[in-house]
1. Sort through A:ASP374, A:ASP345 and tell me the only one that's outside any helix (DSSP H, G or I), under 19 Å from A:ILE434 (Cβ atoms) and within 14 Å of chain B (Cβ to nearest Cβ).
2. From the list A:THR62, A:THR69, A:THR58, which residue is part of a loop (DSSP other than H, G, I, E, B) and either surrounded by 19 or more Cβ atoms within 10 Å (Cβ to Cβ) or of a type in the set (Ser, Thr, Tyr) (or both)?
3. (1) in a loop (DSSP other than H, G, I, E, B); (2) within 14 Å of chain B (Cβ to nearest Cβ): which one isn't true of A:ILE151, the others all being true?
4. Run down A:PHE138, A:PHE127 and say which single residue is over 21 Å from A:THR42 (Cα atoms) and aromatic (Phe, Trp, Tyr).
5. Would you confirm whether any residue within region B:88-106 is within 14 Å of chain A (Cβ to nearest Cβ) and on the phi > 0 side of the Ramachandran plot?
6. Mind listing just one residue for me: the one in region A:130-148 that is more than 9 Å from chain B (Cβ to nearest Cβ) and not in a loop (DSSP other than H, G, I, E, B) and, of those, farthest from the chain's Cα centre (by Cα)?
7. All but one of (1) more than 13 Å from the chain's Cα centre (by Cα); (2) modelled with pLDDT of 95 or more hold for B:GLY180; which doesn't?
8. Identify, by number, the condition in (1) within 11 Å of chain A (Cβ to nearest Cβ); (2) among the acidic types (Asp, Glu); (3) not in a loop (DSSP other than H, G, I, E, B) that B:GLU12 doesn't meet.
Amino acid sequence: MSKLRFLMAIIVGKISAFLLQKIFKRGTNTPGAIMLKICPDTLSYFIMPETIICITGTNGKTGTSNLLTHIIQNSGKTVVNNSKGSNMDTGLASALVTKCTLDGKITADVAILEVDERSSQYIYTKFVPNYILCTNLFRDSIKRNGHSGFIFDKINDYLNEKTTLVLNGNDGISGLLGEDVCERVFFSVNKTEKSTDSCVDTVCDLIACPKCHHKLDYEFYHYNHIGVPFCTHCGFKMPESSFFASDVDFNKGTFVFNDNRGEKLVLPFQKGNFFNVFNITGACAVCRLMDIDIDIIANSIEDLSSKTGRFQENEYNDIKVISMLSKNQNPISCSQSFKYLSSTDDEKDVVLLITDSKDKKHGHEDISWLYDTDFKPLNMESVNTIYIGGSRCFDVANCLEIKGINTSKIVLFENYDELAIEISEKNVTGRNIIIYFELYATNIVKKIKKAMSQKEDK
Amino acid sequence: MSKIIIEILYPEFNNLYGDRGNCEYLKKKLEKAGYEIAIIETALFDEPAFINNQVDFLLIGPCQEKHQLVEIEELKKYIDKIKNRIDNGGILLATGNAFELFGQYIETPAGEKIECLKFYPYYAKQFSKLRYNDCSVGEFDDIQIVGFKNLLSHSYGENPKPFLNMKKGCGMNPDSKIEGVRDNNLFATYHTGPILPLNPQFTDKLIKIADKNYTSVSLEYEKKAYEKRLKELLK
C-alpha cells in the first residue's frame, strides 16, 4: 500500500515539478511537500545511488555542496543535488523526483545533498548516507536553532554507524559528532599568519572543555572557536587530521591541500574569504575518500575560483557599490562580513539592512543576536555615514551605541524606499558604498542600485 | 558610590543569546552617568567574587541544559552566601533558565530530578526535542517589561514571589500568568538575551536600587526602540 502511495507521489511530484518549472522558471519545495503529503515515507522509498553525500553544519553548507558537485561532475559522474531547493526533507524530495525513474530509482551516480541541521531526523533515518560532511557548528538564529548543544544533539542522535563522518578538526563542537558510533575522518587548517593566541571575536562558543567543563586552552584561534583547543585539566584534544590545508597565503589567495596519502596540491581560494579554505579542504577530503583523481580536483577548483558568491561589486559615476549578503540572524556570518571594512582604507558609507524583515511574521522579531555581533569595524575612521534601514533600526542603533560606535555617524530609516532615495541622492564621489543585507532585503538592494544607475544615466 | 562592580557568573557557558548585552549596557549607561566600572568574569570552579567582596551587580544568564546540572552542583557550595546576598547584599539578576536554580528541582527528559537551591517552591521540567520561543510583555510595579524567551523547559508549582505579571506571552509555563522571582535583591526571569538594553526604564530602576543617588541617563535610541517594541507587542 505504501509503495503504491510512493509511486503516486512520484507521478504527482514529477508533474508538479514540471509545471512549476514552466511557470516560475525555478525549483521550489512544493513538489516535495505534496509528495510527503501523499507518502510521508517518500525519502525511504527512493532507490538511492551507490554514493550519497550529505553536507550539514552552520556555515558553509551551500558553498561546499556546490564545490563538491562541480568536482564530482568533472570526474565524469552524474550528480543529483538540491542546490535549487531547500535543505529540508521537502527540498530533498523535490530534487530527487526530478532525477528518478517512475519506480523511484535515482538515475544519477552520486547524490550530493545539503541538509539543514534540524532536519537530520527526517533524512538520516530514511536512507544511510555514505558520507556526512559537517562544516562546523556555531550559534545561529536563536528562534530556529536555540543553542549549539541543541543542534549538536539534533544531528548526533540520528547518525548511522555505517556513515563515515568528515569533520572539521578545528571545531571542538562539531568535531565530537559520532564519537564511538561512526568512522570519523578529520580535516583542518594549519596555523596561518592571521591566527591569534586569544579569541579576538565577540563570541566564542567553546570556552570550556566539552569533557570536564574546565577552561580550555587553545594553541591558536583561526576565528571564533575555530582553532586548536586542548584541555590541561583532563587532557582533551582534537583527533589528528588526515587532510589539512597548509601554507595559506592571503596575498596570493592560495594554500596547499595535503591528503591522507601524502599528496600535495596548491589551490586557489577566494581572497578575503578564509571560510573558503575550510570549504575547499572539506570538499577535497570527501573527493579523495571517493578516490577521485587529484588532478581532476585541482582543475575543478581552478576554474571555480573566479566565481564569487554573496559578494557583488558595481560602479556608478565612479562610486563603487559593494553588496554583501549576511545570513539572517546569524552573528558569526555578519561579524565575518564586517571584517571586510577593515581590509581597505577607502572612504566609505555603510548601509545596514541586517534585521530580519520576515521574522515578524513568526511573532515579533528577536534581535538578541545583534549583541553577539562584532560591530567594531564600523568604528573605523574611513566609515563616514552608517545608514540603518528597516523597522528595527532603533534596536540596531541602540546596540551600536552600546558597542561604542559614534552615534553622530548614524542615520536611520524605518522605511526602505526612503533609504534608497536618500542614498542615491546623497552619495559623495570618491566614497564607496558598502551594503550589508539579509536575504529578504535583496529587493531593496536592487532598488538602491537601480536609483543610482538612473542617476548615472541623467 | 562612584565605583560599580559587576560580576558575571560563568560567562563561558551562560552567554547563549546575546546575554552579554546586559553587562555591556550597564557599563555604557553607568559610565555615561559618571561611574567607574569594574567587570569581573568568574569561570566555573573558581570562587565567585561576591562571596568575599562587594559586588553591586551579579549577573547569571542562561546556559545549555547539560551545563546547568554542572553549575547547580557548583553553586550549592555557596548556598548560604547566595541566600545572604538575596536578603542583604547587592542586585542578583538571573535570566533564562538560571531562574530555575532557585527552585526545588529540575526534571530532565529522562525523568531524573536534579536538586536545586530550594529557596522557592516551584520546580522545572526540561523537554528535549522542542524549543519554546516567545516574545512577551510582563508588568513589574508600573513598568512594562518586554523581551524574548528561548527555552527548553518550563516551571510549575507554587511561586509566592513572582517578578512579572504577564500581559502577553507565556509565564512560568504556557498556562501561567506569572513569571520569575522578585525577592528583595533577587530578580530572576525566564527572559533570555539582552533584557536590560531592551528595557531602559527597568534598568534605571535596578541601578537606583544599587545606588539611590543615581540620576537616570539615557542612550540616544533606547527609548524609541523600547516604545516601538512595546506598542507592537501590545497591538
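1. Values: A:ASP345 fails: within 14 Å of chain B (Cβ to nearest Cβ).
It is A:ASP374.
2. Result of the check over A:THR62, A:THR69, A:THR58: A:THR58.
3. If we test A:ILE151 against (1) in a loop (DSSP other than H, G, I, E, B); (2) within 14 Å of chain B (Cβ to nearest Cβ), just (1) comes out false.
4. Values: A:PHE127 fails: over 21 Å from A:THR42 (Cα atoms).
Being over 21 Å from A:THR42 (Cα atoms) and aromatic (Phe, Trp, Tyr) holds for just one of A:PHE138, A:PHE127, which is A:PHE138.
5. Checking region B:88-106: at least one residue is within 14 Å of chain A (Cβ to nearest Cβ) and on the phi > 0 side of the Ramachandran plot.
6. Just the residues of region A:130-148 that are more than 9 Å from chain B (Cβ to nearest Cβ), to begin with: A:130-138, A:140-141.
If we keep only those that are not in a loop (DSSP other than H, G, I, E, B) too, we end up with A:131-134.
Values: A:TYR131: 19, A:ILE132: 16, A:LEU133: 13, A:CYS134: 11 Å.
The residue in question is A:TYR131.
7. (1)
8. The number of the failed condition is (3).
The values are calculated or read from the model by the stated rules, or taken from the named source; none is laboratory data. As the structure is a computational prediction, the values presented were derived from the model and not from experiment. Note: ideal-geometry Cβ built from the backbone for every residue, glycine included; neighbour counts use all protein chains shown.
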